[in-house]
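This report concerns only the one structure given below.
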Amino acid sequence: MLKIPPEEYYKSLPKKRCGAGILFFNGKNELLIVKPNYKEGWSIPGGVVDENESPKAAAIREAKEEIGLDVSDLKLAYIVYTAPEGIKTEAFQFLFFGGILNDTQISKIKLQEDELDEFRFVSENEVVDLLASGLKERVPECLSAIKNNTVAYKES
C-alpha cells in the first residue's frame, strides 16, 4: 500500500464553494433585501466564505461590509448543497437568522456603494418576486425553518 504524506492528501481533496447570508427583519415582520449592482435581481446581505473562515464569521463580516451593521447573535436556519452545473462547481450555502432590527439599527444601515445600490424591507409575499433565481426557492424554506425554530437542509 502506497502512503502519501498528509500534506499531499489534504491538497488532493475536492474544493467546494461556500456562501453565507443573513435574513433580517424589521418590526413589521418584513425581510431586508439588497439590490446588487453587479447582477440581476435582489438579494440578502451575504457573500462568499473566504479561505479559513467559517460560514458564520463570513455572514458577520458581510453584514458589516455590505450594510454597516455589527452583528454577532446569528442562528443557523438553512443549508443547501448545490451540485455542479456547467461552469459552476458544487457549493454549500448557509443562511442565518439575524433577528429583528430596531429603528436605530435600521437608521445606521450604510450600503457598500461599490456593490449595492439600495435596500428595502418587503413582505414575505413580495420577496419571492424580487429575489434572484437561487434565493427564490431558498428564502421561503428558510423562513419556514425560522418560524418553526429548526434548521432546514436541501440538495438542489
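The table below gives the values:
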| quantity | calculated |
| --- | --- |
| Around E62: net Lys/Arg minus Asp/Glu count, Cβ-Cβ under 13 Å | -3 |
| The chain: relative contact order as a whole-number percent, Cα under 8 Å and 6+ apart | 30 percent |
| Compactness relative to 2.2 N^0.38 Å, alpha carbon Rg of the chain | 1.13 |
| Per-peptide average of other Cβ atoms within 10 Å, ordering 100-107, 52-59 highest first | 52-59, 100-107 |
| Equivalent ellipsoid semi-axes - Cα gyration tensor, the stretch 1-85, angstrom | 33, 15, 12 |
| Listed residue (L31, Y9, W42) projecting farthest to the positive dipole end of the chain, Cβ model | Y9 |
| Protection-proxy order for peptides 85-93, 6-14, 136-144, 35-43, each taking the mean of Cβ atoms within 10 Å per residue, highest first | 136-144, 35-43, 85-93, 6-14 |
| Heavy atoms of D114 accessible to a 1.4 Å probe, total area in Å² rounded to 10 | 120 Å² |
| Fraction of accessible area attributable to carbon and sulfur, the chain (%, probe 1.4 Å) | 52 percent |
| The stretch 56-87-the stretch 112-136 distance, computed between alpha-carbon centres (Å) | 15 Å |
| Inter-probe distance in nm under a simple model that places probes 7 Å from Cα toward Cβ, at K28 and K110 | 2.6 nm |
| Alpha carbon Rg of the stretch 35-97, scaled by the compact-globule rule 2.2 N^0.38 Å | 1.19 |
| The stretch 58-155 - charge dipole about Cα centre, Lys and Arg +1 at Cβ, Asp and Glu -1, debye rounded to 20 | 380 debye |
| The stretch 68-119 - accessible surface per residue (Å², probe 1.4 Å) | 62 Å² |
| Solvent-accessible ranking of V128, V48, largest area first, probe 1.4 Å | V48, V128 |
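The values are calculated or read from the model by the stated rules, or taken from the named source; none is laboratory data. All values reported here derive from a predicted model rather than from experimental measurement. With ideal geometry, Cβ positions are generated from the backbone for all residues, glycine too; neighbour counts draw on all protein chains shown. Remember, those area values only see protein heavy atoms, side chains included, never the ligands or the DNA or RNA. Shrake-Rupley method; radii C 1.70, N 1.55, O 1.52, S 1.80 Å.
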